[in-house]
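Participant: Sharing a structure here in structure tokens format.
The values are calculated or read from the model by the stated rules, or taken from the named source; none is laboratory data. Computed from a prediction, not measured in an experiment: that's the story for all the values here. No Cβ is skipped: glycine too gets one built from the backbone with ideal geometry, and neighbour counts run over all protein chains shown.
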């Protein structure tokens, strides 16, 4: 084979186990064995050309290059090397050093020169120094093999745990569906002649992300007791009015939120009761502002009983507002 023939070889020449070639002057590695098709040959690439080594292993060829016996890991594909590195967590399985502290290679547990193949079970992550120290000798013990077996067992355990985790999440999805169904059925019992549509079911799903089941159930009961109204003149007196049903439904999440706030502010139920008195007696009540005004009066020293008494006495929202602001400013007047 001529220099020109070597120079024209295709780029996909596979590097195989064989020789490492070093410069006679600085001993730096120049190249290694190549395999063209099925025929092995030693190819030395210079800066501008490449040629066959003219010296046997251990000798010096005509261009001053040493030819050393050795084995290259480049026959293993990049994909396989990555899978081996990933499996071994990028740690040398001989000395325990890891990248980037050392340069990692893929080593054959059973050397290729002695019949080993590129099967994953025969490949192990090794650093450059450990791989060169081992060379083509068989391992003197089965440490690496046992480690491979342990890693495979761990991998199988992780796979089984993942399957159990996925099964658990599927059961949670099924449980959420059952909870939605039970909440919907409970609402149907509280509100005769009405059934939740898909929009209502979607609201339940959103509420379940914020509140627990007991909070929603209690809020449903409180809301229907407080807001459902009936029309005795209708064909079905036992059927609540549509507007009252819509209102009761809209107040369910509000009641849930208020219940949680009451844990931090135990006086709120009494203030809500006073607001209910105002709502029943007056033609107009600013519900949000009424709570703020009553809290201000309460912090100024007014008792909840006194606030409720004022709510029973006033004849307009303006009068109640002035009374609460008076208390907050230190004036006891209705």
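Participant: Quick test of your reading of the structure: residue 288 fulfils all but one of (1) surrounded by fewer than 17 Cβ atoms within 10 Å (Cβ to Cβ); (2) touching a residue at least 12 places away in the same chain (Cβ under 8 Å); (3) closer than 25 Å to residue 312 by Cβ. Name the failing condition by number.
Facilitator: (2)
Participant: Consider segment 222-238. How many of its residues are closer than 14 Å to residue 254 by Cβ and crowded, with 16+ Cβ neighbours inside 10 Å?
Facilitator: 4
Participant: If you go through segment 283-304 one residue at a time, do you hit one that is more than 26 Å from residue 329 (Cβ to Cβ) and part of a helix (DSSP H, G or I)? Show your work before the answer.
Facilitator: At the first step, the residues of segment 283-304 found to be more than 26 Å from residue 329 (Cβ to Cβ) are 283.
Still in the list and also part of a helix (DSSP H, G or I): none.
No, every residue in segment 283-304 fails to be more than 26 Å from residue 329 (Cβ to Cβ) and part of a helix (DSSP H, G or I).
Residues are listed down the side, and each one gets a yes or a no for (1) surrounded by 10 or more Cβ atoms within 10 Å (Cβ to Cβ); (2) on the phi > 0 side of the Ramachandran plot; (3) modelled with pLDDT of 90 or more:
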| position | (1), (2), (3) |
| --- | --- |
| 140 | no, no, no |
| 146 | yes, no, no |
| 171 | yes, no, no |
| 212 | yes, no, yes |
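Participant: If residue 255 meets every condition in (1) under 27 Å from residue 183 (Cα atoms); (2) modelled with pLDDT of 90 or more; (3) part of a loop (DSSP other than H, G, I, E, B) apart from one, which number is that one?
Facilitator: Every condition holds for residue 255 apart from (3).
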